[in-house]
Amino acid sequence: MYVSNCSTSLRAQTNKTRAVYSLIIINKAGGLVYQREFHSGLHKLSTNDYLVLAGTFHGVHAITRSITPRLPLASTTTNPTTASHSTTASLSLTSPSGTTTPTASTPTASNNPNNPAANTPSSSAYSYPIPSVPASGLEFLETDKFRLTCFQTQTGTKFLLFTDPFMANIDVVMKKIYELYADFVMKNPFYQLEMPVRCEAFDRHLGSWLRGRI
Amino acid sequence: MVVYSFYIFDRHAECIYKRRWLPRPVSITSKSSRPTSDLSIQNNGGAPAVFGQSARTTDDDAKLIFGTVFSLRNMVRKLGGEDDNFVSYRTNQYKLHYFETPTNIKFVMLTDLKSPSMRPALEQIYINLYVEYVVKNPLSPVEHPGGVGVNNELFEESLEQFVTRVLT
């Protein structure tokens, strides 16, 4: 199986490494506003199926964000040795504050709802694997036959790009598409927000830019 | 490479096995972190609340994950054809790996972003662990009604060993 995969991949590198199969734009409510096919390679769906796909993806995207693994904040609590059990944690938190300078008395601190990380039994103390960035939804999806890249703008619009699995520099393509969208769709005075994109200039520039790349 | 969790779903969309590994906190010795990860297996009691997740979220997570992979798998089949397979997806926080057997048993693993494709690892788990210890066990039920699930010491032990020794 792997051998046949390699031979197909070699063939793919010669003729379709830069193949962009199709582009889908989903508005912030999960409605399909743009769908265009550039290369055949994926099955064609009916318009209704594309609408269903857009809605489904919108929902799945939100769920993938909510199932981000939550790691307990054991190492960053005030007393690192007591992370294994909640009752011992609260007990040992009281004892040092009673012996040393009691800056914040523990009963008030534990009742204080504004300070969850300090004293609640770590039920709310968790962090994401990469705490510095907010959790995003699905960004890349890989299958045997294609690769789906999803880019969500600040306003919630999602750009879905279906490409060949071996294609590189997808983010460059995505950035350019967003740029063209901003220039020819958002700056079009006749475009109604959240409505299907019917802008000839956008179609034209998108097509010619992608063709020029290949 | 860190493995966060692992799920098996049978062909009736039932979660028959779930296991979560919590990464070792930096400041705690390995000795004290062992019982925490062992305790998290028994995720029906009040134990998970201690580890930052209530019992509700661990049960719901399995359902949400099933819904996600089920939808994505159908989407992939629609677009790529019946012989296309959904392999994995990633967000900016984690990566989900997916493997489905011809009998529609679904293996799902959540790892960090640095891990390579876990498709071979999931296949190994299926072939060397699930088939060997669960399928070939004459006492193990074929179906798992009511969420009985895989209750097999050998399988759990060898899965633990596989994940901690081979994968990390």
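Give the residue list of GluC sites (Glu not before Pro) in the range A:143-205 that are DSSP loop and have at most 14 other beta-carbon atoms within 10 angstrom.
Numbers: sites: A:Glu179, A:Glu194, A:Glu200; in loops: A:Glu194.
Passing both the DSSP loop test and the Cβ count: A:Glu194.
Taking the Cβ of B:Cys15 as the centre, find all other residues whose Cβ is under 9 Å away and add up their charges (Lys, Arg: +1; Asp, Glu: -1). Intermediate results must be reported in sequence, preceding the final value.
On the way: positive: B:Lys18, B:Lys63; negative: B:Asp10, B:Glu14, B:Asp59.
Net charge around B:Cys15: -1.
Compute the signed sum of charges (Lys and Arg +1, Asp and Glu -1) over the other residues within less than 13 Å, Cβ to Cβ, of B:Pro141. Numbers along the way, then the final one.
Numbers: positive: none; negative: B:Asp10, B:Glu14, B:Glu143.
Charge balance in the 13 Å sphere: -3.
For all pairs of alpha-carbon atoms in the range B:71-158, what percent lies in each bin of width 10 Å, listed from the first bin to the last filled one?
15, 39, 34, 12, 0
Could you please rank A:Ile177, A:Ile63, A:Ile170, B:Ile8, placing first whichever residue has the fewest other Cβ atoms within 10 Å of its Cβ? Walk me through the intermediate numbers first.
Details: A:Ile177 21, A:Ile63 15, A:Ile170 18, B:Ile8 25.
Final ranking by Cβ density, sparse to dense: A:Ile63, A:Ile170, A:Ile177, B:Ile8.
Run through all the Cα pairs of the range A:151-214 and give the fraction in each 5 Å bin from 0, expressed as whole percent.
3, 15, 26, 27, 17, 8, 3, 0
Number of Lys pairs in the range B:63-168 with C-alpha atoms less than 23 angstrom apart, excluding same-chain neighbours closer than eight positions?
For the range B:63-168, the number of qualifying lysine pairs is 9.
Using the number of other C-beta atoms within 10 angstrom as an exposure proxy, rank A:His61, B:His12 with the fewest first. Let's see the in-between values first.
Numbers: A:His61 21, B:His12 10.
Sorted ascending by nearby Cβ count, the order is B:His12, A:His61.
Since every read-out is calculated from the coordinates, none of them should be taken as a lab result. Computed from a prediction, not measured in an experiment: that's the story for all the values here. Note that we place each Cβ from the backbone using ideal geometry, even for glycine, and neighbour counts take in every protein chain shown.
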